[in-house]
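The values are calculated or read from the model by the stated rules, or taken from the named source; none is laboratory data. None of these values were measured; they are calculated from a predicted model. Neighbour counts run over all protein chains shown; Cβ positions are idealised from the backbone, glycine included.
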Amino acid sequence: MWAYLESGVHILNFMNFKRRPGQFKMNGSFKIPLIPHGNYPIFQMTALALLEFLEQLIKLFGNDNSRRLLDSESMFRTERLMTTNTKTALFQSVLQQVKSILHGTGNRTVKLQAICEQLASAVPYFHWVGFYLVDPAKSGELVLGPYVGAATEHVRIPFGKGICGQAAESGQPFIVQDVSKETNYLACSPAVKSEIVLPILSDGKVIGELDIDSHEISPFSTEDRDYLEQICEQIAESLFE
């Protein structure tokens, strides 16, 4: 899916855009293809690139109110720009990458770390991705395994405590679209706004879980849950049997 943003001349002049095919480069790294269209160019980009572009414009040139709006629930959520088809295509690609990792070389820890890195790099609203594994020496307790993202103090979590503990205790996925409204929640970082946790099951028993935090409110959908459950099933079959 492509989104087209036709910019006004005042923006073009202010940003010093050149009216010819090529690329606009912002902050040394963000590039957007340009195509000619009459007197003004059109920026051709994916929906996610459009989101990043608009966010950068607001951060660079917006006032305090617009910057606050950018961080609020009502502004430019990834979920609004990612259609079901877009998510499906994204997760199908991720699923294939995970299969390749599981069929590749390396021990369990190496493969789980690679899966964390793949998920975090592929899905823009996955800001912390990690695995918790059930401690075989201490029943009813999770131990932090491989992860990508900020360090966490929650290296051990009892069953029933927090979102991770509740998912482990129930054996069911948990989706919390706004952690500020959850009473049984273990805070990791003020930046975390939502969380999804999926148990990894072997013979009907919880042996671990996949935990993902996002800095956005309500980014997760049924597509996230369904594909992440498939990933957890593949991990259980490949690494725990």
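From the list 190, 219, 199, the lone residue that is outside any strand (DSSP E or B) and either touching a Cys at 6+ places or on another chain (Cβ under 8 Å) or free of Cβ contacts under 8 Å to residues at least 40 places away in the same chain (or both) is 190.
Annotation: of all residues in the stretch 93-110 being over 17 Å from residue 212 (Cα atoms) and in contact (Cβ under 8 Å) with a residue 12 or more places away in the chain, the one that is surrounded by the most Cβ atoms within 10 Å (Cβ to Cβ) is 101. Residues in the stretch 109-130 that are touching a Phe, Trp or Tyr at 6+ places or on another chain (Cβ under 9 Å) and not in a loop (DSSP other than H, G, I, E, B): 112, 113, 115, 116, 119, 120, 122, 128, 129, 130. Total residues in the stretch 216-241 satisfying the condition of being within 16 Å of residue 114 (Cα to Cα), of a type in the set (S, T, N, Q) and surrounded by 16 or more Cβ atoms within 10 Å (Cβ to Cβ): the figure is 1. Screening residue 241 against (1) at pLDDT below 95; (2) touching a strand residue (DSSP E or B) at 6+ places or on another chain (Cβ under 7 Å); (3) in a helix (DSSP H, G or I) leaves a single unmet condition, (3).
So, in the stretch 195-215, how many residues would count as being more than 14 Å from residue 167 (Cβ to Cβ) and buried (at least 23 other Cβ atoms within 10 Å of the Cβ)?
Just the residues of the stretch 195-215 that are more than 14 Å from residue 167 (Cβ to Cβ), to begin with: 202-204, 214-215.
From what is left, the residues that are buried (at least 23 other Cβ atoms within 10 Å of the Cβ) are 214.
Counting residues in the stretch 195-215 that are more than 14 Å from residue 167 (Cβ to Cβ) and buried (at least 23 other Cβ atoms within 10 Å of the Cβ) gives 1.
Residue 138 meets each of the listed conditions (1) without any contact (Cβ under 8 Å) to a residue 24 or more places away in the chain; (2) loosely packed, with under 15 Cβ neighbours inside 10 Å; (3) under 13 Å from residue 213 (Cα atoms) apart from (3).
Considering the conditions (1) surrounded by fewer than 18 Cβ atoms within 10 Å (Cβ to Cβ); (2) at pLDDT 95 or above; (3) closer than 23 Å to residue 219 by Cα, residue 128 is excluded by exactly one of them, (1).
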